[in-house]
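J.: Quick one: the structure is below, questions incoming.
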Amino acid sequence: MTKLNSYLNFQDTTEAAFNFYKSVFGGEFVTMMRFKDVPDLPGKEKMSEADLNKIMHVSLPIGNNMLMGTDMLESMGQHLKTGNAYTLSVHPESKEEADRLYKALSQGGTPHQPMTEMFWGYWGMLADKFGIQWMVNFQNS
């Protein structure tokens, strides 16, 4: 079966965001690579020290999925446009885990819908402190 993983773009906050997600979900990074560590990167010699230290790629396993991300480099014409065209949906295995994830992800962020019993299960929505939209959804069996 084909896998679908999420890839997030940040402007200078990838490392902080992924350390935050690691503190929420646990686990270890599979990859944490900085631009300075990329062999034969075109234009590397022209990059500032600050850009060279930004995150080129990070990946954190969460369950059977991989959350990945990168820093957008303004010096390379990349500009982050934060929007609401996406939401990450996390599906814990219990109501207690749903509450824990909602509380942890919403710290410093914006709760939109507190965890609530809905006809399909136990659900809530928030934006974390990095502006990423999340749904926490425990489906009653």
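J.: So how strong a dipole does region 1-78 carry about its Cα centre when Lys and Arg Cβ are +1 and Asp and Glu Cβ are -1, to the nearest 20 debye?
T.: 240 debye
J.: When a/c is below 1.5 the answer is rounded, else prolate if a/b is larger than b/c, else oblate, so apply that to region 92-135 with a ≥ b ≥ c taken from the square roots of the Cα gyration tensor eigenvalues.
T.: prolate
J.: Region 2-97: which chymotrypsin sites (Phe, Trp or Tyr not before Pro) are DSSP loop and have at most 16 other beta-carbon atoms within 10 angstrom?
T.: Here the chymotrypsin sites (Phe, Trp or Tyr not before Pro) that fit, given the DSSP loop and packing criteria, are 29, 86.
J.: With a 1.4 Å probe and every protein chain kept in, tell me what percent of the accessible surface of the chain is carbon plus sulfur. Walk me through the intermediate numbers first.
T.: Numbers: 4420 of 8380 Å².
It is 53 percent, rounded to a whole number.
J.: Once the principal axes of the Cα atoms of region 1-94 are found, what is the range along each, listed largest first in whole angstroms?
T.: Extents along the principal axes: 49, 29, 28 Å.
J.: Going by amide H atoms built from the backbone, whose H comes under 5 Å of the H on residue 88, apart from near neighbours?
T.: Placed amide hydrogens put 133, 134, 135 under 5 Å from residue 88.
J.: Something else now. When Lys and Arg each count +1 and Asp and Glu each count -1, what net charge do the other residues less than 15 Å away from residue 131, Cβ to Cβ, add up to?
T.: For residues surrounding residue 131, the net value is -1.
J.: Now for a separate question. Longest exposed-loop-site-free stretch of the chain, with GluC sites (Glu not before Pro), DSSP loop and at most 13 other Cβ within 10 Å?
T.: Excluding the exposed sites themselves, the longest stretch runs over 29-92.
J.: So for the chain, averaging the separation of alpha carbon pairs under 8 Å that are six or more residues apart and normalising by length, what relative contact order in percent results?
T.: In percent, rounded to a whole number, it is 22.
J.: I want the antiparallel fraction of DSSP beta bridges within region 1-109, as a percent rounded to 5.
T.: Percent antiparallel among DSSP bridges in region 1-109 is about 65.
J.: Loop only by DSSP, 13 or fewer other Cβ within 10 Å of the Cβ. Give me the trypsin sites (Lys or Arg not before Pro) in region 52-118 that pass, ordered by residue number. Could you put the intermediate results ahead of the total?
T.: Numbers: sites: 54, 81, 95, 100, 103; in loops: 54, 81.
Taking region 52-118 and a limit of 13 other Cβ atoms within 10 Å, the loop trypsin sites (Lys or Arg not before Pro) found are 81.
The values are calculated or read from the model by the stated rules, or taken from the named source; none is laboratory data. Remember, predicted model here, so these are calculated numbers, not experimental data. With ideal geometry, Cβ positions are generated from the backbone for all residues, glycine too; neighbour counts draw on all protein chains shown. To get the accessible areas, we keep the full protein, side chains included, count just its heavy atoms, and leave off ligands, DNA and RNA. Shrake-Rupley method; radii C 1.70, N 1.55, O 1.52, S 1.80 Å.
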